[in-house]
Amino acid sequence: MEKEKYVDAFLEKRIVKYDEWLGKGRISYASKVIPVSESFQTKQWVLPTEQAMEILGKAKYVAVTSFEDCIHCGECVERCVFGARVFQDEKMAYNNESCVGCGLCVTVCPVGATSMVLRDRE
C-alpha cells in the first residue's frame, strides 16, 4: 500500500511538471523538426491501482551540432529542458546521453548549426 502512495505522488509530480512545460511552451516543438510520432518513445503500463503510468524514453533521433557553425549563443542551452546542453568555459558542451530527441534545440538555433539525426542504436 505504501508503494502505491509513492507511485501516485510520483505520477502527480510528473503531470504537474509536464503541464508546466506545456504551459511555458517548452515541450515539444519536435513536430517542426521530425514527426511527432518519432519525437518521443514512451512506455506505458497499467498499475494495480488501475492508473496508467507512462515513462518518457529517448526518441530514435538525437540532436547533433556542427561546432564549426555554432556561434555559442546559448539559445539551445536555455531551451534544453533535459540538461543535454550546458555552457562550459563560455562554449556550448553537449551530452548526447541526456538528449531525448525532442528537437527543441533545433527550433531555436539562429544559424541552423543543430539538426536531428538517427540515434546510434548499438
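The table below lists the values:
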| item | result |
| --- | --- |
| Proximal charge balance of PRO110 [Cβ under 11 Å; K/R count +1, D/E count -1] | -2 |
| Highest average packing first - 62-70, 86-94, Cβ atoms within 10 Å | 62-70, 86-94 |
| Charge tally in the Cβ shell below 11 Å around ALA63, where Lys, Arg are +1 and Asp, Glu are -1, ALA63 excluded | +3 |
| HN-Hα J in Hz across the stretch 109-117 - Karplus 6.51, -1.76, 1.60, θ = phi - 60°, x for Gly and Pro | 5, x, 10, x, 7, 10, 9, 9, 10 |
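No value in this document is a laboratory result; all are computed from the given coordinates. Values in this document were obtained by computation on a predicted structure and should not be read as measured data. Cβ atoms come from the backbone with ideal geometry, glycine included; neighbour counts cover every protein chain shown.
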